[in-house]
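This structure is in structure tokens; I'll ask about it shortly.
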Amino acid sequence: KQNIPVRELCKGLPPEFGTLLSYTRNLKFDETPNYNYCRKLLREVFEQGSYTLDYLYDWTIKQNEGQAANSSSSRGGAAEG
């Protein structure tokens, strides 16, 4: 993946992703990233995309779906008596 050009990796994405990827690729191993700069880039994408901060993330939705499936299967599979 390091040999794939940033432009190719970020094709179809907002340009800020390419900027962020280039920035992180150029960091030295022991260099501390400028987190404010990284957050600024991502915040710009968020604001330009008209997203809503609803605190629902892909991983929490999938986790909740998995828990609901486990809960319903455990209730339906148990014999009463």
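In segment 14-55, what residues are surrounded by 10 or more Cβ atoms within 10 Å (Cβ to Cβ) and over 29 Å from Asn3 (Cβ atoms)?
Listed by number, the residues that qualify are Arg43, Phe46, Gln48.
Another question, if that's okay. Which members of segment 18-61 meet the condition of being of a type in the set (Phe, Trp, Tyr) and not in a loop (DSSP other than H, G, I, E, B)?
Tyr23, Tyr35, Tyr37, Phe46, Trp59
Among the residues of segment 1-13, count how many are more than 21 Å from Tyr37 (Cβ to Cβ) and either part of a loop (DSSP other than H, G, I, E, B) or open to solvent by less than 70 Å² (accessible area, probe 1.4 Å) (or both).
Matching residues across segment 1-13 total 7.
The values are calculated or read from the model by the stated rules, or taken from the named source; none is laboratory data. Everything numeric here is computed off the predicted structure, so don't read it as measured data. Positions of Cβ are backbone-derived with ideal geometry, glycine not excepted, and every protein chain shown enters the neighbour counts. For the accessible areas, the whole protein counts, side chains as well, though only heavy atoms, and no ligand, DNA or RNA atoms are used. Shrake-Rupley method; radii C 1.70, N 1.55, O 1.52, S 1.80 Å.
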